[in-house]
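What follows is calculated from the coordinates using simple rules that are stated; it is not laboratory data. Because the structure is a prediction, the values reported are computed rather than measured. Cβ sites come from the backbone with ideal geometry, for glycine too, and all protein chains shown count toward neighbours.
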Amino acid sequence: MKTVQKTAKTLLVALMLTTAFGSALHADAVKGQKYYLKSLKNKFSMNGTQFAGQHTQDEWEELFENRGEGFIQEYSLKYPKAEKFLQNPKSWKKLQHVRDFAVKYGSDSGNVPSCG
């Protein structure tokens, strides 16, 4: 009987942790969507669906390695209006959330953001 109770408690804790971490990951993507729409949409001249669909999830992960070095370089060249924002070290906090948004809705994810 104690084994069943212990197993039930373990499963309950695992479920609670999964829910908590899943919500936290989702919250980052939601923040990223908001930051994209507020700070980058007009500079990139595309909506969130078009932006996230430019790369696969793995490609987004790679672009954002080393504090977003690849992303900042590529998108500063493609979109000069965004260069000042992208090059600003203070923007990194927002760009981490934009990364989560882009990865979640990458072209191979099967997900479609609501910001169309």
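Summary of computed values
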item	result
Dipole axis of segment 27-104 (+1 Lys, Arg; -1 Asp, Glu on Cβ), positive-most option in S45, V103, I72	S45
Simple label model, 7 Å out from Cα along Cβ direction - D108 to K41, nm	2.9
